[in-house]
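Take a look at the structure below.
The values are calculated or read from the model by the stated rules, or taken from the named source; none is laboratory data. Quantities reported herein were computed from a predicted structural model and do not represent experimental measurements. Cβ coordinates were reconstructed from backbone atoms using ideal geometry, including for glycine residues, and neighbour counts include every protein chain displayed.
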């Protein structure tokens, strides 16, 4: 079992802590040395003091088509760790009788009227948001999120609220999907999609679980994120750590871990 320390990336809108990563942009060397470079997820804590750009990520097929072989798409989800009273997200496009054309959205971006097409949603602590690849989205100011995503750093900015950063309008418009989205709601114990699963466990006293051995591959590692609480976590391999809120631990395939204390944890697995 490994305790992973956050790798901080400052942004114009706040910062990101990459808390479990083997991505070449920024990786945990100890995780790479133990499970290799093929762990397919990237986990972050995001602190947004200001609104992020309006953006979209490609799916697996589009990532290869646009960026070349070896790239993967980015489906992601957010667990809201903290939220200002009026915190909002951009969650897809507003519903319309027919899909918006690329020309219509392109004109809106160029004329700074894209906000008229965006679906703004209020969120609160404990809410869960699933963002499939192709979904137009933006994190609003006053939010702190735990993000689980495919290990991908492909972001196409459509609109950046007047900030002078690069945008990727043509690429972004080419990958937008207007599929029905799962409603934002408080996290309900368990979630799974094609790429990952999340299970919330509330610990009061003690809790033990086995990380399935699977085939012993990188994707069989399990991450334990501490949403809240304090205590100790130990493995049957002999590691023992004190923990607090927002710590994360990587449990290797076939390893059993035990938690003692009072805590709210999220078990994160690859699919």
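Test residue 50 against the stated conditions and say whether it is in a strand (DSSP E or B) and exposed (fewer than 15 other Cβ atoms within 10 Å of the Cβ). No. Please go through the range 155-185 and give me each residue that is surrounded by 21 or more Cβ atoms within 10 Å (Cβ to Cβ) and in contact with a helix residue (DSSP H, G or I) (Cβ under 6 Å, 6 or more places away or on another chain), ordered by number. Across the range 155-185, the qualifying residues are 156, 158, 159, 175.
The sole residue among 50, 59, 82, 38 that is out of contact with any strand residue (DSSP E or B) (no Cβ under 7 Å at 6 or more places or on another chain) and within 30 Å of residue 180 (Cα to Cα) is 59.
Here residue 218 fits the description: surrounded by 14 or more Cβ atoms within 10 Å (Cβ to Cβ), within 25 Å of residue 16 (Cα to Cα) and more than 17 Å from the chain's Cα centre (by Cα). Before we move on, is residue 256 assigned by TED's automatic domain parsing to the domain that holds residue 148, touching a residue at least 40 places away in the same chain (Cβ under 8 Å), surrounded by fewer than 16 Cβ atoms within 10 Å (Cβ to Cβ) and out of contact with any helix residue (DSSP H, G or I) (no Cβ under 7 Å at 6 or more places or on another chain)? No, not satisfied. Among the residues in the range 117-136, are any surrounded by fewer than 21 Cβ atoms within 10 Å (Cβ to Cβ), without any contact (Cβ under 8 Å) to a residue 40 or more places away in the chain and farther than 22 Å from residue 185 by Cα? Yes. Tell me yes or no: at least one residue of the range 151-165 is in contact with a strand residue (DSSP E or B) (Cβ under 6 Å, 6 or more places away or on another chain), assigned to a strand (DSSP E or B) and without any contact (Cβ under 8 Å) to a residue 60 or more places away in the chain. No, that holds for no residue.
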